[in-house]
Each structure stands twice: as C-alpha cells, then as structure tokens.
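Below you'll find the structure, written out as structure tokens, and then a few comments.
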Amino acid sequence: MSVSDVGAAYDERAAEYVELFGSLDQLVEADRALVDRWRDSTSGRLLDAGCGPGQWTEILRQGAREVLGVDLSEQFLTVGRRRRPTVPFLRASLAALPLRSGTVGGVLAWYSVIHTSPDALPSLLAELRRVLRSDGSLVLGFVDGDSGQSFDHTVITAYSWSVDAMSSLLDDAGFEVVEHHQRPPVGRRSRAHAALVARAR
C-alpha cells in the first residue's frame, strides 16, 4: 500500500468523512481539551500533519497561531482551503515533508499515521522529528491495540499499536513521551483510542 493509495482512497470517500468527522462539534471533548492545552504549551508555527479537511486546524490557529496543514487527499485540502482561506494547505506525504529542519514548534498527527505500515513507521516518525525545533513537541493520536496489527478500516487498511510500542518507536525517533491517554471506543470510533504527547530531545 503506497501513500498514493491512501490519498486516493480518502479522495473517494472525502464527502462522507467530512460529514461524519469534519467539524469542531464532532470532536470528542476530551481530545479537544488535550489539543487546546498542548497548543497553548507550544510556541512558533504548528503543523497539522494529516490535516484532513482541517477540523483540527481551526483549533490550532486559535490565538492567532500560524498553522500549516498537510495531507495526501486533494479533496480534503480543497475543503480546508475553502473553509480557511488564510491557512496554507499542502499536498504532501508525512514521510517527505516540504519543510526545512527545525522550523515548527509543534506537530499534531491525529490518526495520521494509522495507515502507515509497521516497516515504514519509524522513518515517518523520524521525519516528524526532523521538522520540529529542539524545544518542540508532538501530539499523536492512534488506534490502541496489538502492535503493528492490521485491520479493515472503513477507508483503507490501518494498523493498531500499543502505548508501550508506540512510545518505544517515538523514543527511537528522538522523542521523549511525557503524557499518555487511553480510552475504550466512544462515539463513531469503533476501536480503542490512545494519544501520546512527546517532546523533542
């Protein structure tokens, strides 16, 4: 499964996704509170990595923050640009970001790496670390489960990870995990959820 496969799969179902998950009022309150708090702890430009139609972008830009959205789906990016014309949205792979090293203060990757195969995930996480400043941090949301286990996602094959395994991958990529959050399935999410906050080191 290539990155172009992922982008094409989301392009095909973009309208459905936007209807189900594409607005602020559809976000889980605990997730929104976590991202709000994390945003306020950062400085500098923020990267919404795997931004989709930009629902999290709206939260990140509060307080006049500079935000960049990156996604593989051109359909998602079109929605994001229409809704938030002052925010730059770029089509790119998270494994090869069009950014100079050390140029963002924070990266939000909310369910953005779940379609990345286990063998490709370490280099993708290293790429997220590359663009972060030395005082930057990351919030990573993902499916909590057996590590590297594939499952039939509604759009295209996805993978779950345990908190311990993902934390180890982040450590190898140059991060220090400082918070972890877990919960059972809720709302439209049919699988357990996890989120990690990690500092660059």
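The values are calculated or read from the model by the stated rules, or taken from the named source; none is laboratory data. Here the structure is a predicted model, which means the values were calculated and not measured. Note: ideal-geometry Cβ built from the backbone for every residue, glycine included; neighbour counts use all protein chains shown. To get the accessible areas, we keep the full protein, side chains included, count just its heavy atoms, and leave off ligands, DNA and RNA. Shrake-Rupley method; radii C 1.70, N 1.55, O 1.52, S 1.80 Å.
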Criterion: under 25 Å from PRO53 (Cβ atoms), aliphatic (A, V, I, L, M) and open to solvent by less than 30 Å² (accessible area, probe 1.4 Å) - qualifying residue of VAL139, VAL163, VAL155: VAL139
Tabulated pairs, the range 95-123, first among the aromatic types (Phe, Trp, Tyr), second modelled with pLDDT of 95 or more, C-beta under 6 angstrom, 6+ apart or interchain: TRP110/GLY141; TYR111/GLY141
Of the criteria (1) open to solvent by 20 Å² or more (accessible area, probe 1.4 Å); (2) in contact with a His (Cβ under 8 Å, 6 or more places away or on another chain); (3) hydrophobic (A, V, I, L, M, F, W, C); (4) over 27 Å from ASP11 (Cβ atoms), which one VAL177 fails: (2)
Count of the range 69-87 residues which are assigned to a loop (DSSP other than H, G, I, E, B) and among the aliphatic types (A, V, I, L, M): 2
Among (1) without any contact (Cβ under 8 Å) to a residue 40 or more places away in the chain; (2) more than 25 Å from ARG37 (Cα to Cα), the one test that SER168 misses: (2)
Wholly enclosed helices (runs of 4 or more DSSP H) of the range 1-68 bearing at least 2 residues modelled with pLDDT of 95 or more: 29-41
Positions within the range 88-117 being open to solvent by 50 Å² or more (accessible area, probe 1.4 Å), in a loop (DSSP other than H, G, I, E, B) and either β-branched (Val, Ile, Thr) or under 23 Å from TYR10 (Cβ atoms) (or both), in sequence order: PRO88, ALA95, ALA96, PRO98
Candidates ALA200, ALA194 - the one that is open to solvent by less than 30 Å² (accessible area, probe 1.4 Å), touching a strand residue (DSSP E or B) at 6+ places or on another chain (Cβ under 8 Å), among the aliphatic types (A, V, I, L, M) and closer than 18 Å to LEU46 by Cβ: ALA200
Entirely in the range 125-174, the strands (runs of 3 or more DSSP E) that have 2 or more residues that are farther than 16 Å from ILE114 by Cα: 132-143
Failed item, numbered, when VAL67 is tested on (1) free of Cβ contacts under 8 Å to residues at least 24 places away in the same chain; (2) exposed (fewer than 14 other Cβ atoms within 10 Å of the Cβ): (2)
The one condition in (1) surrounded by fewer than 21 Cβ atoms within 10 Å (Cβ to Cβ); (2) of a type outside the set (Phe, Trp, Tyr); (3) touching a Cys at 6+ places or on another chain (Cβ under 8 Å) that LEU34 fails to fulfil: (3)
Residue check, VAL186 touching a strand residue (DSSP E or B) at 6+ places or on another chain (Cβ under 8 Å), part of a strand (DSSP E or B) and surrounded by fewer than 21 Cβ atoms within 10 Å (Cβ to Cβ): no
Unmet criterion (only one of (1) at positive phi; (2) free of Cβ contacts under 8 Å to residues at least 40 places away in the same chain) for GLN182: (1)
